[in-house]
Amino acid sequence: MDKIEKGALKIIAEQIGDNIVTLANETRPDLLSHQPIELAESFRLWMVQPRRAIAASNSRLLIDQWLAPTSRWHHQIKFDGRAEAIAYSTFDQTDPRGWRLCELFVSPLAERIDEAINLIDERFGDRSEPVVRVVADPAHHLHALWLAFEGRGRDLMLVIDSPPDIQNLAAGKLYNARRFFHALSEEPQDNGVRFG
């Protein structure tokens, strides 16, 4: 499911509203003078899995091999029309409201995602409606927007940010899924310990 209900967004917006003053006071007090504050786009958050061999020729099979959905949603927060903060939420059966705010932070990533959204709107406009998802790859310090053209077997990845040492995946560029994952597989990844 890649649509979040309006009722859920209202619950999440209330929780953001309850915490936005604290966030601004601790990070950027000037943000509160930029009104209105709005909850903008929301996307399902997906994560790149540990490196896998590229065996599939079909982009949907590649997606299944490389990406896994998380239980979290990524929300863009705008101050006077400018994306400055990000919130993550999840559905929580133990919370009486159902939805719980997990994280709320100021980040330049919000503006980069907003720029990527504008690029998608310019490129595709109303002619096509891809399902857009946020993809995070902590091992490579990379974020992308996944444009899934459901029913057409077409998947594109728009790189939002990547470190300078990843030269085959440039920020602001659109790649088909096969090329994106092939380039990713060629890059060394940070070593770490994975729990769970």
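Just so it is clear, none of the values below were taken in a lab; they were calculated from the coordinates. From a predicted model like this one, the values you see are computed outputs, not experimental measurements. Glycine also receives a Cβ, built like all others from the backbone with ideal geometry; neighbour counts cover every protein chain displayed.
What the table shows:
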{"quantity": "Percent of beta bridges antiparallel (DSSP, the range 6-186, rounded to nearest 5)", "calculated": "95"}
{"quantity": "Value of D in µm² per second that Stokes-Einstein yields for the range 6-186, Kirkwood Rh from Cα pairs, at 25 °C (0.890 mPa s)", "calculated": "141"}
{"quantity": "Order of E111, E186 under a 10 Å beta carbon neighbour criterion, fewest first", "calculated": "E186, E111"}
{"quantity": "Reachable aspartates and glutamates, given that their alpha-carbon falls under 15 Å from the alpha-carbon of K173 and they are not under 8 places away in the same chain", "calculated": "D114, E115, D121, E122, D155, D161"}
{"quantity": "Footprinting exposure proxy for K173, K6, K78 (fewest neighbouring C-beta atoms within 10 Å first)", "calculated": "K6, K173, K78"}
{"quantity": "Gyration tensor (Cα) of the range 88-196, equivalent ellipsoid semi-axes in angstrom", "calculated": "25, 21, 15"}
{"quantity": "Computed FRET value (nearest 0.05) for L61 with R152, which takes r as the C-beta separation and R₀ as 22 Å", "calculated": "0.90"}
{"quantity": "Only Lys, Arg (+1) and Asp, Glu (-1) charged, at Cβ; the chain dipole about Cα centre in debye", "calculated": "740"}
{"quantity": "Label-point separation, R82 to N168 (7 Å along Cα→Cβ), nm", "calculated": "3.7"}
